[in-house]
Amino acid sequence: DTEVTQTPKHLVMGMTNKKSLKCEQHMGHRAMYWYKQKAKKPPELMFVYSYEKLSINESVPSRFSPECPNSSLLNLHLHALQPEDSALYLCASSQDLQRKETQYFGPGTRLLVL
Amino acid sequence: EDQVTQSPEALRLQEGESSSLNCSYTVSGLRGLFWYRQDPGKGPEFLFTLYSAGEEKEKERLKATLTKKESFLHITAPKPEDSATYLCAVQAGGGYQKVTFGTGTKLQVIP
């Protein structure tokens, strides 16, 4: 099973709202990722977690706050977003960061910021 | 800096008309080259991982090949359900290196 699940599928929020995106995998993977994808563009890396610790932050604004409560779960907390943050947010996982391992993606959360 | 260039940007085929998508890459020490299929508004679906020049992998109507400078995704007798954007990505070796994606080839297969 190579399934990564994400909730919600769609989210509409105002610029003053606080919301969270959730990602879950049960493949025993120890690396998890958040990507942002704008229309007709490739995915753009935001954060990487390895063994529940933040390994990579690609200079993402602080209005995006990641959290990895355990090895199966990854959250992305959103606060005071801007309309330009509207995008498809993708979660991915891989076995770890050191091997020749493929990243498996979830279905994404379509976010609209009004 | 790692670079991935995919061509063509868009491809329109008749059902049954075989063709190839190209992915040219520049990376210092290839760890892996990945092919994904992405439907509109959905997450990328993993197709293949290739690790070294000369390697080939097949799945149904798709076959991926790898040389030292490029990869091809061959589509044999495509069907309308093969319509999607196909993404190529590479990962360099040497510790953790992030995956670099190409901008994709949008394939449309006409019945």
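The values are calculated or read from the model by the stated rules, or taken from the named source; none is laboratory data. What you see is a predicted model; the values in this text were computed from it and never measured. Quick reminder, even Gly has a Cβ in these numbers, built from the backbone with ideal geometry, and neighbours come from all protein chains shown.
Screening A:His29 against (1) more than 16 Å from A:Leu76 (Cα to Cα); (2) at pLDDT 95 or above leaves a single unmet condition, (2).
The residues of region A:83-101 include none that are at the interface with another protein chain (Cβ under 8 Å from one of its Cβ atoms), at pLDDT below 95 and surrounded by 21 or more Cβ atoms within 10 Å (Cβ to Cβ).
Only one entry of B:Leu66, B:Leu21, B:Leu62, B:Leu87 meets the criterion of being within 15 Å of the chain's Cα centre (by Cα) and surrounded by fewer than 20 Cβ atoms within 10 Å (Cβ to Cβ), and that entry is B:Leu62. For A:Leu73, the conditions (1) crowded, with 18+ Cβ neighbours inside 10 Å; (2) touching an Asp or Glu at 6+ places or on another chain (Cβ under 6 Å) are fulfilled apart from (1). The residues of region B:1-43 that are at the interface with another protein chain (Cβ under 10 Å from one of its Cβ atoms) and of a type in the set (Ser, Thr, Tyr) amount to a single one, B:Tyr36.
If I ask for residues that are over 21 Å from A:Leu81 (Cβ atoms) and within 13 Å of chain B (Cβ to nearest Cβ), which ones from region A:4-28 would you list?
Answer for region A:4-28, where residues must be over 21 Å from A:Leu81 (Cβ atoms) and within 13 Å of chain B (Cβ to nearest Cβ): A:Val4, A:Thr5, A:Gln25, A:Met27.
Put simply, of B:Thr85, B:Thr49, B:Thr26, B:Thr65 the only residue that is under 20 Å from A:Ala31 (Cα atoms) and among the β-branched types (Val, Ile, Thr) is B:Thr49. Test A:Thr109 against the criterion of being touching a Pro at 6+ places or on another chain (Cβ under 8 Å) and facing chain B (nearest Cβ under 10 Å), and give yes or no. Taking the combined requirement at face value, the residue satisfies it.
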